[in-house]
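Scroll down for the structure; my scribbles are underneath it.
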């Protein structure tokens, strides 16, 4: 059940998955154009394994209302949202997971408040900006000249109809603030690496990606893991979203790491 909670003076949409017997907590940050629904298949499996999981719509995305604050959609502000969410729900050193763009946010949140987290999972993400920016540059241009409804009809609808999550995908696209999406696109094109600062936190880090992930090059993710002295888990028969492609295997991989901490 979605609930709205006040974080940094404005509401965020959140869904909490409660286990019958809790052995730990986790907080998930979704990726570019995503939402808390990205974890609809994965989060219940983690709850079955004893983890309370908090998922949220990033500010200005899907059911999280648009913000009037100038900096609300920036990575530093989204990192503050993550820390404040952990405080709001009284999470006990939760395992922080960031997927794709959310991995950049999660790294910043780890550096901002390392004492707040039990571990950091970098899930199909990289150390900084994505190497290929042409598609993002086009998206940025289109977002400045067309409405969300126009973009959906012209560029998204045909492909989205292939997905069983079509209705959710369409709804969250139309509800999202284009200013949020433009800000995130700019971050994805320019964000510097803070891997050295993440390493300095001393947090246990886990790098996880699908064997067919095509966002950040796999070699770049492996090098990030090497710099962080982090184990790497590769999810077979999965692409950029193992949470949807292989939720059972992903749940197993995540909880094996968390259980070992």
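Since every read-out is calculated from the coordinates, none of them should be taken as a lab result. As the structure is a computational prediction, the values presented were derived from the model and not from experiment. With ideal geometry, Cβ positions are generated from the backbone for all residues, glycine too; neighbour counts draw on all protein chains shown.
Quick one: helix 75-88 against the long Cα principal axis of the chain, what's the angle to the nearest 10°, folded into 0 to 90? Once rounded, one gets 50 degrees.
For the chain, what is the percent of antiparallel DSSP beta bridges, rounded to the nearest 5? Intermediate values should be presented prior to the final figure.
Numbers: 9 of 31 bridges.
So the antiparallel bridges in the chain amount to around 30 percent.
Neighbour counts of other C-beta atoms within 10 Å: give me 88, 99, 240 arranged from fewest to most. Intermediate results must be reported in sequence, preceding the final value.
On the way: 88 15, 99 28, 240 20.
The fewest-first ordering by Cβ neighbours comes to 88, 240, 99.
Taking a point 7 Å from the Cα of residue 159 along the Cα-to-Cβ direction, the residues of the range 106-142 with backbone N closer than 11 Å to it are 135-136, 139. For residue 248, project a label point 7 Å along Cα to C-beta. Then give me every residue of the range 27-54 with its amide nitrogen under 13 Å of that point. The answer is 45.
By counting other Cβ atoms within 10 Å of each Cβ, how are 46, 143 ranked from fewest to most?
Values: 46 25, 143 17.
If I rank by nearby Cβ atoms, fewest first, I get 143, 46.
How would you rank 4, 112, going from fewest to most other Cβ atoms within 10 Å of each one's own Cβ? Could you put the intermediate results ahead of the total?
Values: 4 13, 112 16.
Sorted ascending by nearby Cβ count, the order is 4, 112.
Between residue 223 and residue 92, what FRET efficiency comes out of the Förster formula 1/(1 + (r/R0)^6) with R0 = 41 Å and r the beta carbon distance, rounded to 0.05? Don't skip to the answer; put the middle values down first.
Numbers: r = 32 Å, r/R0 = 0.79.
Result of the calculation: an efficiency of 0.80.
Report summary: the helix-based calculation at 222 nm, which adds -39500 (n - 2.57) for every DSSP H run with n ≥ 4 and divides by the residues of the chain, gives -12000 deg cm²/dmol. Between the entries (i) 26, 21, 19; (ii) 45, 17, 15; (iii) 39, 21, 16, the label attached to semi-axes √(5λ) of the Cα gyration tensor in Å calculated for this structure is (i).
Can you bin the range 192-261 into rounded, prolate or oblate? Criterion: square roots of the alpha carbon gyration tensor eigenvalues sorted a ≥ b ≥ c, rounded for a/c under 1.5, prolate for a/b above b/c, oblate for the rest. Please report the intermediate quantities before stating the final value.
Numbers: a/c = 2.58, a/b = 1.30, b/c = 1.98.
It comes out oblate by the Cα gyration axes.
Over the range 178-250, what is the mean sequence separation of C-alpha contacts under 8 Å (at least six apart), divided by residue count, expressed as relative contact order in percent? Averaging sequence separation for qualifying contacts and normalising by length gives 31 percent for the range 178-250. Quick check: the angle from helix 247-259's long axis to the longest principal axis of the chain, C-alpha only, nearest 10 degrees? Taking the Cα atoms of the chain, the angle to 247-259 is about 40 degrees. In this label model, residue 193 and residue 168 are separated by 3.4 nm, measuring between points 7 Å along each Cα→Cβ vector. Which parts of the range 172-208 would a label at residue 152 reach, counting a residue when its backbone N lies under 14 Å from a point 7 Å out along Cα-to-Cβ? Those under the cut-off are 172-178.
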